[in-house]
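All remarks here apply to the structure that follows.
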Amino acid sequence: MNTHHDSLQALIFDVDGTISDTERDGHRIAFNAAFADAGMSWQWDAALYGELLAVTGGKERMRFYAERYDRDFLAQPDADARIKVLHAAKTVHYVRLVESGALPLRPGVARLIAEARAAGLRLAIATTTTPENVEVLLRASMAPDATSWFEVIGAGDVVPAKKPAPDIYTWVLERLKLPAAACLALEDSENGLKSSLAAGIPTLVTESEYTQGQDFSGALAIVPDLAQTSLADLQALFKQNLSPT
Ligand code: XBP
Ligand code: MG
């Protein structure tokens, strides 16, 4: 393992939008299925869902939708309990979708992870999505034992303040026992980038369908995807950042 003090020690991956394009054809479909099962009229089309992505976290996103479009829902005394139930149902649908193989990895992800493992880099995950969703996605899209490749998986409600707050990245760093400056985060969204940068972690952005044109200032680099990015490229970017010329 590479332990030189100024070399890259760990890659910390976001999940949704970074490892796989899960939002439009995964999470959105699962939300809609849960709403339909509950006999509700809520129906999120792809454009509306893009607006709702301003808020991370599925329960938080439903509340945000209700604040904007269905205040009567929120006026019910059990609104938060209903959101919890809807979210659990949404997770069941999402897991089923992922298990069916509906959500492939984004280009370059499998190759970069293989390179990183071969080089002895440590791997971790920092995401706002539910832990179950991450585990099933890794198993279905990478390998049956892929969850074991990631030393720390920070997901969902382990921290109450979701991205853009730094908390989930800070939580992961504490468990890796690494300083932020020894790691590199991979993100696809402005909320995610704000979160990783606020935790002090140099970050590469791979733009995704819903996040093109967002404000990525502060990123080490912005690329369309990881297809053209090798581990050596990441290590070079990381070094440049340590000693700007
Ligand atoms: C992902 C999210 C998640 C998913 C839904 O953002 O915001 O909420 O959309 O998952 P990021 P849950 O990629 O920045 O982590 O319904 O399980 O919350
Ligand atoms: Mg993301």
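The values are calculated or read from the model by the stated rules, or taken from the named source; none is laboratory data. This one's a predicted model, so the numbers in the text were calculated from it and none came from an experiment. Don't worry about glycine lacking a Cβ; one is built from the backbone with ideal geometry, like all the others, and counts go over all protein chains shown. When the accessible area is computed, the model is the full protein with side chains, heavy atoms only, and any ligands, DNA or RNA have been set aside. Shrake-Rupley method; radii C 1.70, N 1.55, O 1.52, S 1.80 Å.
In contact (Cβ under 8 Å) with a residue 12 or more places away in the chain, open to solvent by 10 Å² or more (accessible area, probe 1.4 Å) and not aromatic (F, W, Y): which single residue out of G50, G17, G26 fits that description? I'd like the intermediate steps shown before the answer.
Working: G17 fails: open to solvent by 10 Å² or more (accessible area, probe 1.4 Å); G26 fails: open to solvent by 10 Å² or more (accessible area, probe 1.4 Å).
Exactly one of G50, G17, G26 is in contact (Cβ under 8 Å) with a residue 12 or more places away in the chain, open to solvent by 10 Å² or more (accessible area, probe 1.4 Å) and not aromatic (F, W, Y), namely G50.
In this structure, is H87 away from ligand 2 (no atom under 16 Å from the Cβ) and modelled with pLDDT under 95? Don't jump to the end; show me each part of the working.
Values: away from ligand 2 (no atom under 16 Å from the Cβ): yes; modelled with pLDDT under 95: no.
Here the answer is no, as H87 does not meet what is asked.
Take the conditions in a helix (DSSP H, G or I) and under 23 Å from F13 (Cα atoms) and apply them to K84. Does it pass? If you could, list the steps in order and put the result at the bottom.
On the way: in a helix (DSSP H, G or I): yes; under 23 Å from F13 (Cα atoms): no.
No, not satisfied.
Name the one entry in R117, R24 that is farther than 21 Å from S189 by Cβ, of a type outside the set (A, V, I, L, M) and at pLDDT 95 or above.
From the options R117, R24, the qualifying one is R117.
State yes or no: is A143 part of a loop (DSSP other than H, G, I, E, B) and in contact with an Asp or Glu (Cβ under 7 Å, 6 or more places away or on another chain)? Give the derivation first.
Numbers: part of a loop (DSSP other than H, G, I, E, B): yes; in contact with an Asp or Glu (Cβ under 7 Å, 6 or more places away or on another chain): no.
Against the criterion (part of a loop (DSSP other than H, G, I, E, B) and in contact with an Asp or Glu (Cβ under 7 Å, 6 or more places away or on another chain)), A143 does not qualify.
Cβ contacts < 8 Å: first residue among the acidic types (D, E), restricted to the range 108-131; second residue part of a helix (DSSP H, G or I), any location; separation 6+ or different chain. Result?
Note: pairs meeting the criteria are E115/L231.
May I ask you to verify whether T56 is of a type in the set (V, I, T), in contact with a helix residue (DSSP H, G or I) (Cβ under 6 Å, 6 or more places away or on another chain) and surrounded by 19 or more Cβ atoms within 10 Å (Cβ to Cβ)?
yes
Quickly run through the range 174-195 and pick out the residues that are under 13 Å from R122 (Cα atoms), touching a residue at least 60 places away in the same chain (Cβ under 8 Å) and away from ligand 2 (no atom under 15 Å from the Cβ).
L176, L178, A182, C183, L184
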